Amino acid sequence: MGEEEDYEMMEGEVSYSDSDLVSHFREVLQSVVDPTSAAYDNYEQLLVVLRPSHLGPDEVALLVTSLKALFGAVTCIDHKRHHRLVNLLFGINVWRHGTDVIDAFLDLIVHMASTDTIYVDECLKLLVESFTPPKNLVDTLNQPRGLARKEQVLTRVHSALQYLVIYVPMAALKLPSVVVCKVPPLSRKDGVTGHLKFCTELYVKNMLMLDSGPLREFAGKEILSAVMDLLIELDAAIAWNDIVRVDSCKGIFEMEGENDEAASDDDEDNDDNEIPRTLSQKTLGENATAQLLDSLMVQIFEHLESCARDNRLDQVFETLLGSFKQNVLSLFKPKFAQFVLFYACSMDPGGCGVRFAEELALKFVDDNATLTRMNAVVFLASYLARGKFLEASFVVKMLKRLVEWCCEFCKTQRGSIQVFYHACQAIMYVLCFHMRSIMDDPELKRQLLLMPIELILKHELEPLRVCHADIVKEFLEQAKVVRQLTASQRFMFEDLSEDSGLSSDYQGQKRLDSFFPFDPCLLEKCDRGFIQPTYLYWKYVRRTYHSNEEDSSDEDSEEEFFEEVAARIVDEQDLGECDDAMNKMSISPMPMPSRLRPPSTSPPESP
């Protein structure tokens, strides 16, 4: 008997109504209990229809009709008796079919899950796995016409997920774990292949679509945390040797300035060269892992912009901050993933921006783990130094907290001395970037000069001899110009500035690390498209020894002010006077804008 004759009831009789077809399919499904019945042959033919070797117009029409009829007869499907049918249904890949088949198929499997919860797990698994296409379709989907195809499929998959959660509430509880479990694994053996890159980018796009849609209340937090975990995993897979050029003859500030000049040589024909081009192509080369990370972070940045427009950036930021504290702050030194937090802060300086700094300060002061405290203060210093969106008044406020802690440590010397040294280095590092801007504001200058910084740096613990030599040198050079820390005409640190052993080994340990997490981002798309407008490059830092002519008129009055204020500090030899000095300070930060949208272009500040 031929195929058309065997399946006459479903293909040949076009005059059958929908109800007639449903009744017929119920009979076919019930025939499995008696393989000798006439209807059993139609059941076997149904299995053939569900796995066609060729999909011509007739086969497609027959498949759609069968799926719709099964929808009406879904209560007759038994997962044990019809296990071959069920396996065939959940083996269908939506990427291989047109929209008519996709619509009928997704309606059916959602209806199966809502009718019998035993299918919920399989339904969720199939829908989530449909976030990415089969390997042999990747090249086709990478073509221009592939964009429309991806939208066709993914729109329908996400709609099916939403209906599933509506009809089967328990699916909402299972969704986050399924999504996280199905994240494409990073193959350490083969590296990041073109197929893996495509599928990972598309999968993350789907994860962010879930966070942007109605399902975010059920899965948003877990999914965003999983995205951050993926970024961190990619970050960790990039070796420091791939991005760091070691030159013992160059200082950390000098190397950044040198890199800027090298980058600017390549930008001579670039109309948008007010900020030096990133060195990602030079330092990372064709690193496929870095390219994937760059692409994923761009997706995250665009998602953050969407969240800001929807007035929910603060909610998303809390999730990202939690992941950061758990997986980054206490575990390893990230190279790139931390810029997700930086960009979120740049869009909301008065909210997320302040929250991030205060959380870092809290971790530094109160955390029990020494490594976490040291990492926290390093992150804080780098963030305060590089965040062009932060008000100078807020930077001074955070400096005051660090100085207060250091002053107290000098008196009690309880706790880890390494934490103290990192805090001292943080103070100097931030002032290397902001000393000039602070001194240009009379009120902020007054607050800074009242801080007992000299008493801390010249303490018997000798932080100047332990901190990184480049930071100490730059700090002392700028401090010498403004005579910030002394009333004497002779600079009291002048002898140290000529000492090549400022940062000698301490108790068998190397000098303090030069790692600062918000050093220039070497991911080209991230840096150029998002980070640059709100990032302070060393090249554009206004340093005290680059004084403008218009500042000279205030030189005499400024000198008198320095001598008067500094005398109050230098004359006090007992560190117990630190408390009095700190109590005299009055910090009233200027109100910060709730939103700072970075401009598309930003002319550099005059050095």
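Once the piece of chain linking ARG414 and GLU462 is laid out straight, how much longer is it, given 0.36 nm per residue of separation minus the C-alpha distance between them?
Working: separation 48, 0.36 × 48 = 17.28 nm, distance 1.61 nm.
Contour length minus the Cα-Cα distance gives 15.7 nm.
To the nearest 20 debye, what is the magnitude of the charge dipole of the range 444-486 about its Cα centre, counting +1 on the Cβ of each Lys and Arg and -1 on the Cβ of each Asp and Glu? Before the final figure, lay out each step's value.
Details: 7 positive and 6 negative charges, 52 e Å.
Charge dipole, the range 444-486, about its Cα centre: 240 debye, nearest 20.
Close amide H contacts of TYR535 (hydrogens built in the peptide plane, cut-off under 5 Å, sequence separation of 5 or more or a different chain): LYS388.
Once Lys and Arg get +1 and Asp and Glu get -1 on their Cβ, which of LEU390, ALA423, ILE438 lies farthest toward the positive end of the dipole of the range 388-442? The residue sitting farthest along the positive end of the dipole is ALA423.
Residues ASP18, ASP367, sorted by accessible area with the largest first, give ASP18, ASP367 [1.4 Å probe; ligands and nucleic acids excluded]. For LYS473, the lysines whose Cα falls under 20 Å of its own Cα, not counting residues fewer than eight places away in the same chain, are LYS250, LYS458, LYS510, LYS539.
For ARG96 and ILE166, compute 0.36 nm times the residue count separating them, minus their Cα-Cα distance, and round to one decimal in nm.
Values: separation 70, 0.36 × 70 = 25.20 nm, distance 2.70 nm.
Taking ARG96 through ILE166 to full extension adds about 22.5 nm, to one decimal.
If the chain linking LEU173 and GLU27 were pulled fully straight, counting 0.36 nm for each residue of separation and taking away their Cα-Cα distance, it would gain 49.0 nm. Name the residue farthest towards the positive end of the dipole of the range 296-381 from the options ASN327, ALA308, CYS352, assuming +1 on Cβ of Lys and Arg, -1 on Cβ of Asp and Glu, about the Cα centre. Checking the options against the dipole of the range 296-381, the answer is ASN327. Taken over the C-alpha atoms, the range 395-455 has Rg and Dmax values of 12.0, 36 angstrom. With a cut-off of 20 Å on the backbone N, the residues of the range 92-132 near the modelled label site 7 Å out from LEU62 along Cα-Cβ are 92-93, 96-105.
The values are calculated or read from the model by the stated rules, or taken from the named source; none is laboratory data. Since we're looking at a predicted model, the values are computed, not measured. Heads up, the Cβs are rebuilt from the backbone with ideal geometry, glycines too, and the neighbour counts pull from every protein chain shown. Heads up: the accessible areas ignore ligands, DNA and RNA and are worked out on the full protein's heavy atoms, side chains in. Shrake-Rupley method; radii C 1.70, N 1.55, O 1.52, S 1.80 Å.
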